[in-house]
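The values are calculated or read from the model by the stated rules, or taken from the named source; none is laboratory data. Treat the numbers as computed from the prediction; the structure is a model and nothing was measured. Virtual Cβ from ideal backbone geometry, glycine too; neighbours counted across all protein chains shown. Heads up: the accessible areas ignore ligands, DNA and RNA and are worked out on the full protein's heavy atoms, side chains in. Shrake-Rupley method; radii C 1.70, N 1.55, O 1.52, S 1.80 Å.
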Amino acid sequence: MGFPTSRMRRLRRTEPLRALVRETALEPGDLIYPLFLCPGQGVRREVPSMPGVFNLSVDEALREAEEAAQLGLGGLLLFGLPESKDEQATGAWQDDGIVQRGLRAMKQSAAVAKLVLIADVCLCEYTSHGHCGIVTKTGGGFEVENDSSLELLARTAVSLARAGADIVAPSDMMDGRVAAIRKALEEAGCANTPILSYASKFASAFYGPFREAAGSAPQFGDRRTYQMDGANLREAMREIELDLDEGADMLLMKPAMPYLDVVRAARERYGVPIGAYQVSGEYAMLTAAFQRGWLDRDRAILESLVGIRRAGADFIATYFAKDAAKLLARG
């Protein structure tokens, strides 16, 4: 029946009515807070292109983790800035690597116990050239080797799991890395460690501020030979299916906002937990608009996150996690 019998505005008249019929819920426990760990003591260095985001020494990261737990966040996503870099990404897989040290410190804190600790598995922050795998020079160019990179990625995942990571999250986009990591985890006695695969990670312009934060910009070339072409939805579904077949337990879509159709397509097709990463460029873009008074900060933060949840994400990695949790607590 149409108007005037049907009046859609009836259920919008008051906030209690709107809350009662709200279809998509956003809770602090749905949010994952990314942290960038760096060497030193008492280090809290703001990232110029990401106001409010910092490179943190382990002691400062522990304070952030404790606050995140108090706010009821779901977990942390940990990245590392090593003391030195080399072509073998040694800082990624050595037992005393920066993320490994951070994981051990957080596991010793009772205040952090309720958080899920997710460790990013990639080599780009740790290689001298900034690529996500082993690089060989070719005639007039270079190649990021796939198969030889798998051993280092698997070694990194095992090291992080042993240090206390609740979940390992490969983001490198090498073919076969999930199978290699799953096999290595099984052999290392870490069979119960879940793999959160960045199964459809697109070669995106929205990663720029992250590369400043993590010091991971490629020294030459780009990553389009291994990260996905942003025009390809069907290929994304194939990447996801292959990773699930190899042993991935969960999926993470990256970026979020420009690829909400990919999140939706994956949600409709696969029954596994799915997350989305509201990446650094999305954060920087919104923050710049807030600073200029072009957008209502509080409303835009929550609206952007609800949109990602509505598209089908079960959880969201976002630099707005603490801010959003505080807004949600205010009601």
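With respect to the conditions (1) within 19 Å of GLU212 (Cα to Cα); (2) touching a residue at least 24 places away in the same chain (Cβ under 8 Å); (3) touching a helix residue (DSSP H, G or I) at 6+ places or on another chain (Cβ under 6 Å); (4) not aromatic (Phe, Trp, Tyr), LEU77 falls short on a single one, namely (3).
Take GLU64 and decide whether it is acidic (Asp, Glu) and either without any contact (Cβ under 8 Å) to a residue 24 or more places away in the chain or assigned to a strand (DSSP E or B) (or both). Here the answer is no, as GLU64 does not meet what is asked. Within the bounds of region 62-71, is there any residue that is under 21 Å from the mean Cα position of the chain (by Cα), open to solvent by 90 Å² or more (accessible area, probe 1.4 Å) and farther than 21 Å from LEU305 by Cβ? Within region 62-71, one or more residues are under 21 Å from the mean Cα position of the chain (by Cα), open to solvent by 90 Å² or more (accessible area, probe 1.4 Å) and farther than 21 Å from LEU305 by Cβ. Among the residues of region 215-231, those identified as surrounded by 15 or more Cβ atoms within 10 Å (Cβ to Cβ) and either of a type in the set (Gly, Ala, Ser) or touching a residue at least 60 places away in the same chain (Cβ under 8 Å) (or both) are GLY215, SER216, PRO218, GLY221, ARG223, TYR226, GLY230. Any residue at all in region 23-30 that is under 21 Å from ALA113 (Cβ atoms), among the hydroxyl-bearing types (Ser, Thr, Tyr) and in contact (Cβ under 8 Å) with a residue 12 or more places away in the chain? There is no residue in region 23-30 that is under 21 Å from ALA113 (Cβ atoms), among the hydroxyl-bearing types (Ser, Thr, Tyr) and in contact (Cβ under 8 Å) with a residue 12 or more places away in the chain. Looking across ARG264, ARG292, ARG234, one residue alone is of a type outside the set (Phe, Trp, Tyr), open to solvent by 10 Å² or more (accessible area, probe 1.4 Å) and touching a Gly at 6+ places or on another chain (Cβ under 6 Å). It is ARG264. Taking the criterion of being open to solvent by 40 Å² or more (accessible area, probe 1.4 Å) and of a type in the set (A, V, I, L, M, F, W, C), the residues of region 295-321 that qualify are LEU295, LEU302, VAL306. Counting only residues that are out of contact with any strand residue (DSSP E or B) (no Cβ under 6 Å at 6 or more places or on another chain) and either among the aromatic types (Phe, Trp, Tyr) or in a helix (DSSP H, G or I) (or both), which one in region 23-57 is surrounded by the fewest Cβ atoms within 10 Å (Cβ to Cβ)? Going through the qualifying residues, I end up with GLY29.
Scanning region 104-136 for residues that are touching a Ser or Thr at 6+ places or on another chain (Cβ under 7 Å), touching a residue at least 60 places away in the same chain (Cβ under 8 Å) and among the charged types (D, E, K, R) yields a single hit, GLU125. Applying a threshold of 6 Å to beta carbon distances and a minimum spacing of six or more residues, or different chains, the list of pairs starting in region 1-22 at a residue that is open to solvent by 100 Å² or more (accessible area, probe 1.4 Å) and ending at one that is of a type in the set (Lys, Arg) reads ARG12/ARG18.
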